[in-house]
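Let me begin by presenting the structure, written as structure tokens, before commenting on it.
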Amino acid sequence: MSSRVLVLRSPEPSRPPAPVALPEGYRLDRWRPGPLELAPPGPPSRKHLLFGVGAHAGLFAGPGYGAILVRRGDAVVHRSSVYPRYFAFPFMGRDDLQVGATWTDPAHRGRGLARAALLDALARCHAEGRRLWYLVEEENLPSIRAAAAAGLTVVAHAERRSRLGVHALGGYRIVRWEDDAGVTPPGTAAAPG
């Protein structure tokens, strides 16, 4: 079984991205796993629990696993997970980070929360001299628009493949690279020239 995704990447770190103000009443937090807190706040996810265990067990090529949370009051209304390179993303550089498993509460969509979280991840990558990757299903136009608005460009097309019949052991294989200038992602307007 395979699924097709767009692979977006940040430009070379040259200048930090401009921060985006969240709508009134929202705040951004960063979460890191701890010995007793393996999964980030938000909707329960077995995947996040496994990654928390994996972070302590050396699954990732380097440090950086965590999540960017947007809260309204005490409630988590958006979560973007941040992953260092591991076996599912062999095309990433050793120090690169990838944002994935992005979720926004349906009642809070359309308010720029995903874009704000991506810009926070980009600022972190810039400060650490890292690149940021973002994979998204080709038909997920809202997510593609958020990534493009944060300055990410499509650099490749990939497919997700299971390994040994197990989805969790699978990974992404690049099926086509774009030229280095990137392309305008589908469902977005071309950036003004």
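Throughout, read-outs are computed from the coordinates displayed, never taken from laboratory work. Treat the numbers as computed from the prediction; the structure is a model and nothing was measured. All Cβ positions, glycine included, derive from the backbone under ideal geometry; neighbour counts span all protein chains shown.
The order of the peptides 17-24, 82-89 by mean Cβ neighbours within 10 Å, most packed first, is 82-89, 17-24.
Ranked by the mean number of other Cβ atoms within 10 Å of their residues, highest first, the peptides 149-158, 113-122 fall in the order 113-122, 149-158. Summing Cβ point charges (Lys, Arg +1; Asp, Glu -1) relative to the Cα centre of the stretch 2-177 gives a dipole of roughly 240 debye. Scanning the chain for long hydrophobic helices, with DSSP H runs required to stretch 30 angstrom or more by C-alpha along their axis and to average at least 0.5 on the Kyte-Doolittle scale, returns nothing. Determine the shape class of the chain: with a ≥ b ≥ c the square roots of the Cα gyration tensor eigenvalues, call it rounded for a/c under 1.5, and otherwise prolate if a/b is greater than b/c, oblate otherwise. Cα axes put the chain in the rounded bin. Placing unit charges on each Cβ (+1 for Lys and Arg, -1 for Asp and Glu) gives the chain a dipole about its Cα centre, and among His126, Gly54, Trp31 the Cα reaching farthest toward its positive end belongs to Gly54.
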